[in-house]
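A quick write-up on the structure given underneath.
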Amino acid sequence: MGIIDEQPGTNGHPKSPMLAPKVYIEDYTLLFAVDHPEYILNIKDEDGAVVYSTVVYSVQTQVVLPSTLSGDYEIELVMGNWLFTGWINL
């Protein structure tokens with residue numbers, strides 16, 4: 001996790017760490033906790049190319065990924081200036 005674009009003139013990072021989102025996967029469905037913030041979801045292949053992207057609204061608890069995806073992918077959740085990354089296998 002990290003800050004994407006820290007604005008000039010800001011005080012830098014917050015004093016307390018940002019909590020990472022809790023996301024689970026079941027087959028091709030990503031499961032989000034209730035009461036999460038809005039995210040931009042990007043799925044990237046091994047070359048760093050975005051193969052799937054969508055907005056995950058704060059009221060959504062599930063996102064179904066395309067069944068055409070197969071293999072290892074990087075998952076990105078963007079929330080404002082914060083970027084959370086991980087890996088998934090489909």
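None of the figures in this text is laboratory data; all of them are computed from the coordinates on show. This structure is a prediction, so every number in the text was calculated from the model and none was measured. A quick note on method: Cβ atoms are made from the backbone with ideal geometry, for glycine too, and the neighbour counts reach across all protein chains shown.
Neighbour counts of other Cβ atoms within 10 Å put V59, V51 in the fewest-to-most order V59, V51.
Volume per residue, Å³, of the convex hull around the alpha-carbon atoms of region 24-90? Please report the intermediate quantities before stating the final value.
On the way: hull volume 5.3 nm³, N = 67.
Convex hull volume per residue, Cα atoms: 79 Å³.
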